[in-house]
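> There's a structure below that I have some questions on.
The values are calculated or read from the model by the stated rules, or taken from the named source; none is laboratory data. Quick caveat, the model's predicted, so the values are computed rather than measured. Backbone-built Cβ (ideal geometry, glycine too); neighbour counts: all protein chains shown. SASA here: full protein model, heavy atoms, side chains in, ligands and nucleic acids out. Shrake-Rupley method; radii C 1.70, N 1.55, O 1.52, S 1.80 Å.
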Amino acid sequence: MLGIEDGWVLAGYLLCIAGAILCAVYGVVSWVRGDGAASEAAPPRDGQTGELIQ
Amino acid sequence: MSLAQTVGLLDIALIAAYLAAVAWLGWLGYRRTRSTSDYLLAGRRAHPVVMALSYGATFISTSAIVGFGGVAAMFGMSLLWLTALNIIVGIFIAFVFLGSRTCRLGQILDAHTFPELLGRRYQSRFIQVFAGAVIFLFMPLYAAAVMIGGTEFLTLQFGTDYGLALLVFAAITAAYVFFGGLKGVLYTDALQGAIMTCGMAVLLVATYWLAGGITAGHARLTALKTEVFAGHLAIGHRGFTAMPEFGFGSVRYNLWWIVVSTIIMGVGIGVLAQPQLIVRFMTVRSRQDLKSAVGIGGVFVLLLPGVAYTVGALSNVYFHDREEIVGTIRERFDADVVTRREPGRAPATLRCTLLRIAESATGRQHVIVERLPDAGSSAGLMRQVAEVSDAGGGLVRVRPRATAYLRALVRAGTDSGGRAEYMFNPDSIIPTFISQAMPRWFGVVFLLTLLSAAMSTMSSQYHALGSAIGRDVFEQLLPPARRQSAHTVAIVRAGIVVGLVLALLIAFSARGGYVIARATSIFFGLCASAFLPAFIAALYWRRATRAGVIASMIAGVTATAFWLLLVKADEAGAIGLVRWFTPAVPGPGGTTYHPNSILWKYPNWPVVDQILIALPLSALTLVIVSMLTSPPDAAHVRACFAGENEESGPAAVRSRLASSIQAAGQPGRKDDVP
């Protein structure tokens, strides 16, 4: 199949494509779903993080 | 000859425009960097698209494109398993299962670096300092690998001196991270990620077109198994579209263990514990942002290493079937070409007849193999490789008909007798393929792609390295009253300079023997063994104790060091200590030598990667020691995991954590140097 003789290499080739598609679909679904997440955001800084660079 | 004549005005203009854009983005980052949090974490407000591109651009470097691409050209498409692991483990699992919890824990603990995250999670200054020191000491090895990748291309494309190209490359990258902090790094990474994606997409289409299409190209590559280099056949190479021969206890299984344990597992799993990548999870506002970034990350990785490994393997079809050089033969000579260097022994060589050709169209000089010893002949017969025919007008047409490995012939210096020494250098395969198979304009595009890949990774490496020494080591070793973060940035910048010098020293002295892939693999494996069990336990296992984590990290580093110093032949040989522990054994020609592995009598063990030994040992140590020691402070653990089961945001949890610490009368962290 696809000119590749070894099943293991063919599986690796197809897994790359399938994995990227899985990531893309997951990312799009998460993007569409998630606006409420902004409320989870931390304030920009406090305590130790607030020192200005001099 | 002027610079413009050597390099070309178009090249100079494009590179200048690119560097101007990078400098502007670095300056923008500098302007917007107002606090330590900005410098170290981009203010925790990075956009998910910027974060995903930055993660991908940091993850994928010239090491992946040039180094591992060259390995794929040599060993074939089995390396695509590394891409599959990069996507599924390095992106999906890393973002969804580790990244989201890291993001929240980082906010709760107000951690700015990976060592600080571990140190605060386990309430241990020792853990933070130890992790920072490991990163600072070993990151230069990985930085050197990335530098070599970019430098090999500069050297081939423009005919510049290797040392000069190395210096220019390193100086440009260090300049903008020095000033910009992580904001500058994120901005430039995003631009560079976009350039890399475009460059590699064009390369993939062009390579498949040159190979005759997807199925036809793969089929032709399959047919080239009869051309595999004899030295590779002996260790289990079964063709460019097949996995190496699997087994244990014989030299003919060595390649399977090199490809699977070192290349695929060492890097594929090691990515989960990369400090410069983990810190990116803490730059976004929320876990939802991370999940949204998964899509871009996955496609990015497919388009970069996926393309590099596919193109690397298919370059064999181009070099063997299509490449032609028209010009004049300047020299035909016999030389001993180095096929393998083994420290402590004379290098393995192959007596070949070489041709030096001046290409008429470009003026470029090529040295190719015309004839080499016939592997099937015991009578020392030579096999014709290159075909030479008359092209008219006093010119000849030379068809190298070589595999990518044989075509990547470079001058490696001079031998002890003052004669030119040549070696097959897999790290030159991708640069040679680009300069020969692609039009000149694409060479410039690819140069920008490589510059982007190298600069994005190196800037993050220097950032992680500087943070490690500044915030995690130096600041933690000062008395509490003197820990002023205003000084941290100055120390971080000093750390960057020291790291740069160390990386340059390594890059100057190491070339050949697919050193890029090996150095990358060593660093990834070390990080996995030292940090991965502690990192996963920090996110998922409440029972993990400080003592367990310290023991695990020490066990991981010790086991890795032991394996690299005494067992894994290539690395142990390069360091040399192992030869004190191995006996003198007879070598060829009545000589004696000391083997480079204490397990030299047992085939395959000297090529098994340290990650297979050190990572399980480190994980086991963490579990056993944690179960044998008292449970960690319940209030602290509850606070660390609070966000996973309740609605309150990290700020509320952090406030509660601070209250509980004050109520207990403890400092922000227990001091627990064992």
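> Please report the carbon-and-sulfur percent of the accessible area for segment B:541-631; probe 1.4 Å, protein heavy atoms only, DNA, RNA and ligands left out.
73 percent
> Counting alpha carbon pairs within less than 8 Å and at least 6 residues apart, what relative contact order, in whole percent, applies to segment B:170-313?
Relative contact order here is 23 percent.
> What is the list of residues in segment B:132-167 whose amide nitrogen lies under 12 Å from a point 7 angstrom out from the Cα of B:L505, following Cα to Cβ?
So the set is B:140-141.
> Here's another thing I want to ask about it. Expressed as an acute angle from 0 to 90° and rounded to the nearest 10, what is the orientation of the C-alpha long axis of helix B:634-645 relative to the principal long axis of chain B?
Between helix and principal axis, roughly 70 degrees.
> Just want to confirm a number: the relative contact order over chain B, from Cα pairs under 8 angstrom separated by 6+ residues, in percent.
It rounds to 23 percent for chain B.
> Return an integer: the convex hull volume of the alpha-carbon atoms of segment B:541-631, in Å³ per residue.
98 Å³
> Quickly work out the A:V29-to-B:E342 label distance, labels modelled 7 Å from Cα along the C-beta direction, and quote it in nm with one decimal.
Roughly 5.3 nm, to one decimal.
> Determine the per residue accessible area of chain B with all protein chains present and a 1.4 angstrom probe, expressed in square angstrom.
Working: 23560 Å² over 674 residues.
Dividing the accessible area of chain B by its residue count gives 35 Å².
> To the nearest 20 Debye, how big is the dipole of chain B about its Cα centre, given +1 on the beta carbon of each Lys and Arg and -1 on that of each Asp and Glu?
Details: 54 positive and 36 negative charges, 262 e Å.
Approximately 1260 debye in magnitude.
> So, one more: Using the beta-carbon distance between B:I554 and B:I575 and R0 = 25 Å, what value does 1/(1 + (r/R0)^6) give for FRET efficiency, to the nearest 0.05?
Details: r = 20 Å, r/R0 = 0.81.
The calculated FRET efficiency here is 0.80.
> Then there is this: Using a simple charge model, +1 on the beta-carbon of Lys and Arg, -1 on the beta-carbon of Asp and Glu, nothing else, what dipole does the protein assembly as shown show about its Cα centre, in debye to the nearest 20?
Charge dipole, the protein assembly as shown, about its Cα centre: 1040 debye, nearest 20.
> Also, I was wondering about something else. In percent, how large is the relative contact order of segment B:541-631, given Cα pairs closer than 8 Å and 6 or more residues apart? List each step's numbers first, then the result.
Details: 131 pairs, mean separation 40.5, N = 91.
About 45 percent, as a whole number.
> What ranking do B:442-451, B:536-545 get when scored by the average of other Cβ atoms within 10 Å per residue, highest first?
Peptide ranking by packing, descending: B:442-451, B:536-545.
> So how much slack lies between B:K601 and B:A20, counting 0.36 nm per residue of separation and subtracting their Cα-Cα distance, in nm?
203.5 nm is the gain from fully extending B:K601 to B:A20.
> Moving on to the next point. Once the Cα atoms of helix B:440-467 and of chain B are each reduced to a long axis, what angle between those two axes, in degrees from 0 to 90 to the nearest 10, is obtained?
That works out to roughly 30 degrees.
> Averaged across B:77-83, how many Cβ atoms of other chains sit within 10 Å of each residue's Cβ atom?
6
> Please report the buried accessible area for the interface of B with A, total over both chains, probe 1.4 Å, in Å² to the nearest 100.
Chain pair B/A: roughly 4000 Å² of buried accessible area.
> Roughly how crowded by other chains is peptide B:334-344, in terms of the mean Cβ count from those chains within 10 Å of each of its Cβ atoms? Don't jump to the answer; show the numbers that get you there.
Values: counts 0, 0, 0, 0, 0, 0, 0, 0, 0, 0, 0.
Counting Cβ atoms of other protein chains within 10 Å of each residue's Cβ and averaging gives 0.
> How do A:4-12, B:470-478, B:134-142 rank on mean C-beta neighbours within 10 Å, highest first?
Result, highest mean Cβ count within 10 Å first: B:134-142, B:470-478, A:4-12.
> If you don't mind, another one. May I ask for the angle, rounded to the nearest 10°, between helix B:214-223 and the longest principal axis of chain B, with both axes built from Cα atoms and the value confined to 0 to 90°?
60 degrees
> Still on this structure, please answer the following. Using a 1.4 angstrom probe on heavy atoms only, work out the carbon and sulfur share of the accessible area of segment B:318-437 in %.
Details: 2340 of 5400 Å².
Heavy-atom surface of segment B:318-437 belonging to carbon and sulfur, 1.4 Å probe: 43 percent.
> Let me ask something additional. Count, for each residue of B:280-288, the Cβ atoms from other chains sitting within 10 Å of its Cβ, then give me the mean as a whole number.
So the per-residue partner count for this stretch is 4.
> Another question, then. What's the ranking of B:595-603, B:322-330, B:288-296, B:245-253 by average number of surrounding C-beta atoms within 10 Å, highest first? Before the final figure, lay out the partial values.
Details: B:595-603: 18.0, B:322-330: 16.4, B:288-296: 26.7, B:245-253: 13.9.
Peptide ranking by packing, descending: B:288-296, B:595-603, B:322-330, B:245-253.
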